[in-house]
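Student: Handing you a structure now.
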Amino acid sequence: MRTSWADSVADSASENAASGLSGPRPTRATYIPPHLRNRPPSSDFLAPPPAAPSLGNDRVGYGGPAGGSRRGGGGASKPDFGHLGYGSGGRGGGGGWNNRIGGWERGREREVNPFGNDGVAEPAFEVQENTGINFDAYEDIPVETSGQNVPPPVNTFAEIDLGEAVNQNIRRCKYVKPTPVQRNAIPILLGGRDLMACAQTGSGKTAAFCFPIIAGIMREQYVQRPHGGRTVYPLALILSPTRELSCQIHDEAKKFAYQTGVKVVVVYGGAPVNQQLRELERGVDVLVATPGRLVDLVERARVSLHMIRYLALDEADRMLDMGFEPQIRKIVEQMDMPPCGRRQTMLFSATFPKEIQRLASDFLSNYIFLAVGRVGSSTDLIVQRVEYVHETDKRSHLMDLLHAQRETEVNGKHSLTLVFVETKKGADSLEHWLYVNGFPATSIHGDRSQQERETALRSFKSGKTPILVATDVAARGLDIPHVAHVVNFDLPNDIDDYVHRIGRTGRAGKTGLATAFFNENNLSLARPLADLMQEANQEVPAWLTRYASRVSFSGGKNRRSVGPRFGGRDVRRDGTFNRGTDYYGGGNSGSGGYGVPSGYGGGFNPAVASAWD
DNA sequence: AAAAAAT
């Protein structure tokens, strides 16, 4: 009995060798196109069977129906406008209903238990690895806040009254005490303040903005929303840069909102819009969305942002970078969303470049800036390696790594390898190559259909295909347990992207390995990469240091002379553009903290950056 | 230059 795919790859390799074939040969004679893969047991090299049915999230195919049984006759019959009337939770036509009771009763009959425990009251969520945060590891993390009248942090969930229903969900999630970002952000948000927060993903960031949103909606029971027509009026909007991340946020938010009467819906592109419309018609309080689909729905007048009271941008620096900013600006400023000050705006991200902070302040009103460090305050948990690999040698080198990966598997438990490439084409090509060489790989990128993307991600998470080839679509935010190894097959051009990519491993207190293939195509990254690794106490190869110093004064375009790309520091606090105070109050950062912009590496403090996912 | 995001 084989114990791992690596064994079978090794076996097939030896079979090939025995049969006199030179070089790696396909284990299978027939090519199966990507969209037909990941089907049940067509392969014999699979990892040990997934221990448990993966996650409570049983989303199948398109976004849909985690919402539970359809109520009433949907279909052609007229939409039930009652849910647009009174009552928080956007439901319960009986305007005066106590929110909690209303939500509770209705929840019982129609709300799927997002904890995946067949409706039992005290569900098992213990092995829910998504949230398996090692809370003890979050002690003594440096925290910085700035802004006027910052509410003090809390130490326990008990200190904040989120309501009994939410409290119960907190227990179901096995959250014993709030993480630092939650300790700080929740009181700020409950106090109604706008917030710009830097915190790594996986540290409870989603909960940090979801709890206050949900509690706020529950509190305001008698919000009257317009009704009539087919327009829905969500009270909260959560935007994220990828569809998968939106799904992930939605799944989390459903847990937090379970039986609170607060309805969470997700909309995103690539999936049939009709199903999403039906979900919306059944009522929506919190809308999670990717920008494109949201704009579409607003323009079709199926969604109005007029009643939005809470706006959250996840991966906010990404949302406001060149590719996204116009869309976000359109949504926030040119549609019917209430202006700054009449809504509460919260921006969360792991990295927060200074120039993005400035942009972001357009969307904020008298905001509080919050920066929270990470477990171990560094990437201690991630061993970073960089190897010089010529373009032509990358594949065979990867094969070596994948074979070596076998040794790192722990008692038959699948360990996952995430391989980042630069282009969609490159992803297809590498996936195909791995596949014909007997490696159980799949891929995710923006040219694959949404169904393929979701299937690939599921297949990877479950260990069925423990190798995932990905573009940057998977670089941010995705919480994938058991990623033991991140391979930067192609290095990104931006060090921030590198930081986000390697942050897919070493999560929640577990250790991880990150290997990068470096060659002459990556010269512009030499310096920032060398700096980052050094600050994280990683072994920097001498050759990389040489490249770094060589590029030093050539001022490549990767070298934005305008200050640190990571803003662990509130831009409002470094009025002059010179050596800002060290975030850690004179810690070990040789580069002088965040505020040093002009030179090279300008104040970008890798040790800190890496501490933020 | 590339990726992502509506159809």
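The values are calculated or read from the model by the stated rules, or taken from the named source; none is laboratory data. Bear in mind that the values here come from a model prediction, so they are computed numbers and not experimental data. When we count neighbours, we look across all protein chains shown, and the Cβ atoms used for this are built from the backbone with ideal geometry, even at glycine.
Student: I'd like the full set of residues that are surrounded by 20 or more Cβ atoms within 10 Å (Cβ to Cβ) and closer than 30 Å to A:G229 by Cα, limited to segment A:310-330.
Tutor: Hits for segment A:310-330 are A:Y310, A:L311, A:A312, A:L313, A:I328.
Student: Continuing with the same structure: Inside segment A:424-451, can you point out the residues that are part of a helix (DSSP H, G or I) and either within 14 Å of DNA strand B (Cβ to nearest atom) or among the aromatic types (F, W, Y) (or both)?
Tutor: Keep residues of segment A:424-451 that are part of a helix (DSSP H, G or I), which gives A:424-436, A:450-451.
A:K424, A:K425, A:G426, A:A427, A:D428, A:S429, A:L430, A:E431, A:W433, A:Y435, A:Q450, A:Q451 - these are the residues of segment A:424-451 that are part of a helix (DSSP H, G or I) and either within 14 Å of DNA strand B (Cβ to nearest atom) or among the aromatic types (F, W, Y) (or both).
Student: Among the residues of segment A:168-219, count how many are of a type in the set (G, A, S) and outside any helix (DSSP H, G or I). Walk me through it before giving the result.
Tutor: Looking only at segment A:168-219, we keep the residues that are of a type in the set (G, A, S), and these are A:185, A:191-192, A:197, A:199, A:202-204, A:207-208, A:215-216.
Right, trim to outside any helix (DSSP H, G or I) and you get A:191-192, A:197, A:199, A:202-204.
Number satisfying all stated conditions: 7.
Student: Considering only residues that are of a type in the set (G, A, S) and closer than 15 Å to A:E315 by Cβ, which ones fall in segment A:471-509? Talk me through it step by step, then tell me what you get.
Tutor: To start, the set of residues in segment A:471-509 that are of a type in the set (G, A, S) comprises A:474-475, A:477, A:484, A:503, A:506, A:508-509.
Matches in segment A:471-509: A:A474, A:A475, A:G477, A:G503.
Student: I would also like to ask the following. Please verify whether A:E315 is within 15 Å of DNA strand B (Cβ to nearest atom) and under 30 Å from A:P180 (Cβ atoms), treating the condition exactly as stated. Break it down into steps so the answer makes sense when it comes.
Tutor: Details: within 15 Å of DNA strand B (Cβ to nearest atom): yes; under 30 Å from A:P180 (Cβ atoms): yes.
The answer is yes for A:E315.
Student: Would you check if A:R293 is within 10 Å of DNA strand B (Cβ to nearest atom) and touching a Phe, Trp or Tyr at 6+ places or on another chain (Cβ under 7 Å)?
Tutor: yes
Student: Next question, about the same structure. Would a scan of segment A:506-526 turn up a residue that is at pLDDT below 90 and among the basic types (K, R)? Before you say what the answer is, go through the steps one by one.
Tutor: Of all residues in segment A:506-526, those at pLDDT below 90 come to A:506-512.
Still in the running and among the basic types (K, R): A:507, A:510.
For segment A:506-526, residues at pLDDT below 90 and among the basic types (K, R): present.
Student: Would you confirm, using the coordinates I've provided, whether A:Y388 is in contact with a strand residue (DSSP E or B) (Cβ under 6 Å, 6 or more places away or on another chain) and surrounded by fewer than 24 Cβ atoms within 10 Å (Cβ to Cβ)?
Tutor: Values: in contact with a strand residue (DSSP E or B) (Cβ under 6 Å, 6 or more places away or on another chain): yes; surrounded by fewer than 24 Cβ atoms within 10 Å (Cβ to Cβ): yes.
Yes, satisfied.
Student: Find the residue count for segment A:296-312, including only residues that are touching a Lys or Arg at 6+ places or on another chain (Cβ under 8 Å) and within 16 Å of DNA strand B (Cβ to nearest atom). Step through it out loud before you land on a result.
Tutor: In the first step, residues of segment A:296-312 are kept if they are touching a Lys or Arg at 6+ places or on another chain (Cβ under 8 Å); the result is A:301-302, A:307-311.
Applying the additional criterion that residues be within 16 Å of DNA strand B (Cβ to nearest atom) yields A:301-302.
Final tally of qualifying residues: 2.
Student: In this structure, does A:I382 turn out to be touching a Phe, Trp or Tyr at 6+ places or on another chain (Cβ under 9 Å) and among the aliphatic types (A, V, I, L, M)?
Tutor: No: the conditions fail for A:I382.
Student: Among the listed residues A:V419, A:V487, which satisfies the condition of being more than 18 Å from the chain's Cα centre (by Cα) and closer than 29 Å to A:D251 by Cβ?
Tutor: Working: A:V419 fails: more than 18 Å from the chain's Cα centre (by Cα).
Answer to the check: A:V487.
Student: Go through (1) on the phi > 0 side of the Ramachandran plot; (2) not in a loop (DSSP other than H, G, I, E, B) one by one and return the number of the condition A:G477 breaks.
Tutor: All conditions are met except number (2).
Student: Does segment A:346-359 contain any residue that is closer than 29 Å to A:V499 by Cβ, touching a residue at least 40 places away in the same chain (Cβ under 8 Å), surrounded by fewer than 24 Cβ atoms within 10 Å (Cβ to Cβ) and of a type in the set (F, W, Y)?
Tutor: no
Student: Within segment A:497-517, which residues are within 16 Å of DNA strand B (Cβ to nearest atom) and buried (at least 23 other Cβ atoms within 10 Å of the Cβ)? Steps first, please.
Tutor: Here is the first cut: in segment A:497-517, the ones within 16 Å of DNA strand B (Cβ to nearest atom) are A:497-501, A:504.
A:Y498, A:V499, A:H500, A:R501, A:R504, listed by residue number.
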